[in-house]
Amino acid sequence: MLERKTIAFIGAGSMAEAMVSGIVASEKLAPKNIFVTNRSNHHRLLELQNIYGITAVKREHLNLNSMDIIVLAMKPKDVETTLHSIKNTLKPHQLILSVLAGISTTFIEKNVPFGQHVIRVMPNTSSMIGESATAISAGKHTSKQNISLAIELLQCIGEVYTIPEEKMDIFTGIAGSGPAYFYYLMEHMEKEAQRSGLNSQIIRKIIAQTVVGAARMIQEQGTSPEILRENVTSPNGTTAAGLAALKGHGGGKAITEAIKQAAIRSKEISLQLEKSEIGTGVIG
Ligand SMILES: NC(=O)C1=CN([C@@H]2O[C@H](COP(=O)(O)OP(=O)(O)OC[C@H]3O[C@@H](n4cnc5c(N)ncnc54)[C@H](OP(=O)(O)O)[C@@H]3O)[C@@H](O)[C@H]2O)C=CC1
Ligand SMILES: O=C(O)[C@@H]1CCC=N1
């Protein structure tokens, strides 16, 4: 179904690039059928064109009417003006995928012609290497065929899960923002390893391998993180000492709070938008 489709990314930032990279690597779609545009940074468009062989176009030259799929990939604060500028060029049955944190399908549906097919998507930047954990929630008018098309496209960038839209905020807190928590942890592991004089050439590889190994144990053994943690922890051993320090410094609570606050922020973005506080610089 995907092979002959055309897809346009409106927004050419980190998330658009991560998705483009994963889609191009999957070879499910000809790179020239992937169009990318932004508002002003022409240099960025050329960079993406050179790296991925996709078609970079200035906003005014993008013929949205000829696209099968349109991906909204700008910041949430820019969505309202973007929808306003494209709504008269949309075709019925054309699929709009929105990767914007906190922006509901209802909001998008209100700002495009009635009956438009919309799907809210939450990928993460591991899309870059086809390893995203992506959630989707379809809008009111989206056909089964377009849902299947979206799943086929998003499987090019990793695993796809269909969830109720009211769970999108918490999913964003866990999987959309999630890579950043692990990078933060890894940053701290790296700093401590460097302070202890480990060979800096290999520290990063060691840490990455440790994280990959732990994640794959969960994927491949089907065992809970709790059991796996217990298996590492010898009584009165090194891990017990490390975990006691982690707990003593509120490690568990910090993780819970990070997820909660990210989910709260996702909800807040949509509430602010619905109250038309957009443009005040509050929404980031
Ligand atoms: N980064 C991540 O890990 C994830 C991000 N997301 C979502 O993806 C979206 C983009 O995030 P990210 O890529 O990090 O952001 P960036 O700031 O890196 O990119 C935003 C892009 O949007 C462009 N843009 C803004 N307004 C318009 C417009 N009206 N028309 C066309 N292009 C426009 C900007 O270019 P210019 O200024 O030149 O117009 C820029 O290329 C956000 O909504 C975010 O919630 C979702 C999941 C994960
Ligand atoms: O930080 C953000 O708002 C976006 C959404 C999920 C990851 N990055």
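Please treat every number below as a calculation from the coordinates, not as lab data. The structure displayed is predicted, hence computed values, not measured ones. Methodologically, a virtual Cβ is constructed for each residue, glycine included, from the backbone with ideal geometry; neighbour enumeration extends over all protein chains shown.
Worth pointing out:
- Taking a sphere under 15 Å around the Cβ of S126 and counting the other residues whose Cβ falls inside, with K and R at +1 and D and E at -1, yields a net charge of -2.
- Between the Cα long axis of helix 178-195 and the first principal axis of the chain there is an angle of about 40°, rounded to the nearest 10.
- Between 0 and 90°, nearest 10: helix 144-154 axis offset from the chain longest Cα axis: 50 degrees
- Its residues counted as N, the range 178-262 yields a C-alpha radius of gyration over 2.2 N^0.38 Å of 1.18.
- Contact order for the chain, expressed relative to its length and based on alpha carbon pairs under 8 Å spaced 6+ residues apart, stands at 17 percent.
- DSSP beta bridges in the chain [antiparallel fraction, %, rounded to 5]: 15 percent
- Antiparallel DSSP beta bridges within the range 7-168, as percent of all bridges there, nearest 5: 15 percent
- For the range 10-41 versus the range 75-147, the gap between their alpha-carbon centres in whole angstrom: 16 Å
- Bridgeable lysines around K58 (alpha carbons under 26 Å apart, same-chain partners fewer than 8 residues away excluded): K5, K28, K32, K75, K77, K87, K91.
- Average projection, convex hull of the Cα set of the chain: 17.3 square nanometres.
- Share, in percent, of DSSP beta bridges within the range 87-195 that are antiparallel, nearest 5: 30 percent
- At R0 = 45 Å, FRET efficiency that the Cβ-Cβ distance of R195 and S85 yields, to 0.05: 0.30
- Here the average projected area of the convex hull drawn through the C-alpha atoms of the range 7-168 stands at 8.1 nm².
- Volume per residue of the C-alpha convex hull in the range 43-107, rounded to whole Å³: 111 Å³
- Cα-based helix-to-principal-axis angle, 200-221 vs the chain, degrees rounded to 10: 80 degrees
- Cα-based reach from K167 at 16 Å (exclusive), listing lysines while leaving out same-chain residues under 8 positions away: K260, K267
- Modelled FRET efficiency - R0 35 Å, T233 with E27, Cβ distances, 0.05 increments: 0.20
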